[in-house]
Amino acid sequence: MSEDHQTQWDVAVVGGGVIGCSIAWRLAQGGLRVIVLDKSDFGSEASYAAGGMLAPLSEADQTGAFFDLCVASRAIYSDFARELLESSAIDIEYRTEGTLYLSLREEDDEELDRRWQWQQATGLNVKRLGAGCVRKLEPGITTALRWALKFPDDHQVNNRLLAAALFESARLSGVETRPHTEVHQLLTESVAGKERVTGLKTSRGLILADRLIIAAGSWSSQVTSSTASTLEVLPVRGQMVAFEMPVQPLSHVIYSRRGYLIPRNSGCVIAGSTTERTGFNKSVTAGGVADILNHAIEIMPSTRELAITETWAGLRPHAHDGLPVLGKDPQIDGLIYATAHYRNGILLTPITARAISELVLEGDSSINLSPFSISRRTLRLAEH
Ligand code: FAD
Ligand code: GLY
């Protein structure tokens, strides 16, 4: 039996992606004894596969609690990046050129117009640009461009560096990190008729902890399956392709309705993505790559000449309604969820870390988490 069986942790975090590590870091800063367990290497799943766009105006379709959460996280990102640099000495390449959302076909106009209308009406920072203006900013974009929206405040980071910086910051703050340790079961006991967590059964022995945070991304439902929890998170595959540096390098993140291009500081460009329900299969497929290439070439025709340097796929953690699941379990004391960030987990990392660490350290969060409560699911199930 591992010696951990003797240690009583204040908090055990299941999952060492950007969500788990950022929460662990904040909790250790708050003086708690924290352990993070990952079945694999830290930051090697969705957090590694992502594009790193901080893009609520491109991704969200309407205002509301989710949009507000995204914008609140975006607003604290530059400070977050600075703090990570100070604590880990890793620069996460926070870039502020902004995002261009292109209309490339007549059929794109309606969607861009609709986006322009609601974002203008909400007072968001969005600009409408003619094709000539856009091509002055980005000469590599196709001459077929009709017009575009510019989102000056939708920025980007290098998500792989973000995962590394969070791991390092957590470790240096005293967080115990256990890679290649798979959580098999949550342990609970009944006290005066109420369930409370006591620890975890893992591939390397028992872990005793007063609170458990479920940050296991697409695997979160598997981790909680032995409890009465109603958590339902499913994987949605996204494939990606990276290219060598273009002749006319991009500076903005470029979006179309069918795909996106992300320039990296190294000079390479990342093209994405697909949205596929294929279970836990992370294969890169001919069809997926063909679609991504076609959409990338449509945006920037010179992509056709570029060497492909890497392809990969990752699993976005998706709840039934696409919203994250954040907050306490209503039935099991000490069980807390921080999962299902779907397409926006990189963007939502700072605000999730803030909300969940406040919940643990202060008993409540300054952010209203009720729209993201697991109970919204329970209510929905009860209604049908
Ligand atoms: P993960 O990074 O998946 O981490 C979960 C961890 O839990 C894993 O390391 C896993 O090994 C571990 N784990 C699972 N089961 C167990 C177990 N039983 N025991 C121990 N450990 C376990 N978001 C954005 O904001 N911007 C983007 O541009 C963006 N682009 C994306 C592009 C693609 C192709 C994909 C796939 C995702 C993208 N996302 C983006 C979404 C983002 O990547 C995710 O929402 C985010 O990474 C989720 O982080 P996480 O820490 O919850 O999950
Ligand atoms: N947010 C981009 C993606 O999930 O593909």
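Screening the candidates Arg128, Arg105, Arg114, Arg146 for the property of being under 27 Å from the mean Cα position of the chain (by Cα) and without any contact (Cβ under 8 Å) to a residue 60 or more places away in the chain yields one hit, Arg114.
When region 66-114 is filtered for residues that are of a type in the set (A, V, I, L, M), surrounded by fewer than 17 Cβ atoms within 10 Å (Cβ to Cβ) and farther than 21 Å from Val253 by Cα, the ones remaining, listed by number, are Leu85, Ala89. Quick check: is even one residue across region 155-165 more than 16 Å from ligand 2 (Cβ to nearest atom), touching an Asp or Glu at 6+ places or on another chain (Cβ under 9 Å) and closer than 25 Å to Ile254 by Cα? Checking region 155-165: at least one residue is more than 16 Å from ligand 2 (Cβ to nearest atom), touching an Asp or Glu at 6+ places or on another chain (Cβ under 9 Å) and closer than 25 Å to Ile254 by Cα.
Scanning region 148-206 for residues being small (Gly, Ala, Ser) and assigned to a strand (DSSP E or B) gives a total of 4.
Of all residues assigned to region 235-245, at least one qualifies as being more than 30 Å from Thr7 (Cβ to Cβ) and surrounded by fewer than 18 Cβ atoms within 10 Å (Cβ to Cβ). Looking only at region 72-94, decide whether some residue is within 24 Å of Arg128 (Cβ to Cβ) and within 16 Å of ligand 2 (Cβ to nearest atom). Scanning region 72-94, I find at least one residue that is within 24 Å of Arg128 (Cβ to Cβ) and within 16 Å of ligand 2 (Cβ to nearest atom), so the answer is yes. Here the strands (runs of 3 or more DSSP E) wholly within region 221-332 that include at least 2 residues being under 28 Å from Leu145 (Cβ atoms) are 233-243, 253-255, 260-263, 269-272, 308-319.
Taking the conditions exactly as written (more than 16 Å from ligand 2 (Cβ to nearest atom) and touching a Gly at 6+ places or on another chain (Cβ under 9 Å)), does Pro235 satisfy them or not? Judged against the criteria, Pro235 is not a match.
Okay, residues lined up against (1) of a type outside the set (D, E, K, R); (2) more than 18 Å from the chain's Cα centre (by Cα); (3) within 30 Å of His180 (Cα to Cα):
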| site | (1), (2), (3) |
| --- | --- |
| Gly43 | yes, no, yes |
| Ala50 | yes, no, yes |
| Glu59 | no, no, no |
| Glu93 | no, no, yes |
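Within the set Ser44, Ser73, Ser78, Ser87, the sole residue that is within 13 Å of ligand 1 (Cβ to nearest atom) and either more than 26 Å from His318 (Cβ to Cβ) or in a helix (DSSP H, G or I) (or both) turns out to be Ser73. When Asp291, Asp321 are screened for being free of Cβ contacts under 8 Å to residues at least 40 places away in the same chain, of a type in the set (Asp, Glu) and within 27 Å of Asp154 (Cα to Cα), only Asp291 passes.
Report whether or not Ser366 is surrounded by fewer than 16 Cβ atoms within 10 Å (Cβ to Cβ), free of Cβ contacts under 8 Å to residues at least 40 places away in the same chain, of a type in the set (Gly, Ala, Ser) and in contact with a strand residue (DSSP E or B) (Cβ under 9 Å, 6 or more places away or on another chain).
No; evaluated as a whole, the condition is false for this residue.
Under 27 Å from Phe372 (Cα atoms) and out of contact with any helix residue (DSSP H, G or I) (no Cβ under 9 Å at 6 or more places or on another chain): does that describe Gly123? It is true that Gly123 is under 27 Å from Phe372 (Cα atoms) and out of contact with any helix residue (DSSP H, G or I) (no Cβ under 9 Å at 6 or more places or on another chain).
Values quoted throughout were computed directly from the atomic coordinates according to the rules given, and no laboratory measurement underlies them. None of these values were measured; they are calculated from a predicted model. With ideal geometry, Cβ positions are generated from the backbone for all residues, glycine too; neighbour counts draw on all protein chains shown.
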